[in-house]
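Report on the structure given below.
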Amino acid sequence: MKKISTSILKSVNWLLTGLLALLGFSSCDQVSTDMYGTPHSKFTIKGKVTNESNSPIPQIQIRSPYGEDIPHADTLYTDSKGEFNYSFNGFFRSDNIPLLLTDIDGEQNGGSYAPDSVSVSFKDVDVTGGDGGWYLGEATKEITIVLKEKKEEIKK
């Protein structure tokens with residue numbers, strides 16, 4: 001068996017290293033942006049809560065309960081004009097967002113109103129302002145909710 005000279009082995013190693021380096025650098029000529037995550041949007045529900053005579057009701061508690069398909073739980077209150085604004089970031093929603101309404105202050109807001117719930121769907125709403133990547137844009141839904149006055153129970 002003949003011994004291969006170390007100078008030949010070193011030359012072959014340098015040649016292969018140089019060739020692999022050239023191949024490696026030439027494969028990196030495209031600059032790309034790494035993106036992690038999933039497509040998401042900003043969702044906004046702009047609402048107004050009124051009574052049956054179309055007067056705004058302030059201080060109505062609005063809760064969005066946490067669930068498997070709900071991004072996070074939140075509690076907000078209507079302002080003096082009966083308006084609220086609920087915004088959250090999440091995946092595109094084809095399901096309904098439940099809102100639970102409760103009159104927490106009794107007669108102080110002009111009446112005593114029965115609890116109610118509504119579901120808000122973003123299924124057919126336009127999403128605008130996306131960046132062409134993972135951020136798909138914003139979607140806004142405007143709603144009006146009419147609460148009924150609580151009926152007094154007659155005790156016998």
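Nothing in this text is a laboratory measurement; each read-out follows from the coordinates by a stated rule. Quick caveat, the model's predicted, so the values are computed rather than measured. Cβ coordinates were reconstructed from backbone atoms using ideal geometry, including for glycine residues, and neighbour counts include every protein chain displayed.
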Taking the mean number of other Cβ atoms within 10 Å as a proxy for protection, how do you rank 112-119, 11-18, 82-89 from highest to lowest? 82-89, 112-119, 11-18
Highest average packing first - 45-58, 123-136, Cβ atoms within 10 Å: 45-58, 123-136
With +1 on the Cβ of every Lys and Arg and -1 on the Cβ of every Asp and Glu, the dipole magnitude of the range 105-148 about its Cα centre, in debye rounded to the nearest 20, is 140 debye
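Among the listed pairs 81/123; 46/81; 123/150; 48/150; 46/123, which are separated by more than 22 Å between their Cα atoms?
Going by Cα-Cα distance, 81/123; 123/150 fall outside the 22 Å limit.
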Pop out the ³J(HN,Hα) list for the range 131-139 in order, Karplus 6.51 cos²θ - 1.76 cosθ + 1.60 with θ = phi - 60°, rounded to Hz; leave Gly and Pro as x. 9, x, x, 6, 7, 7, x, 10, 10
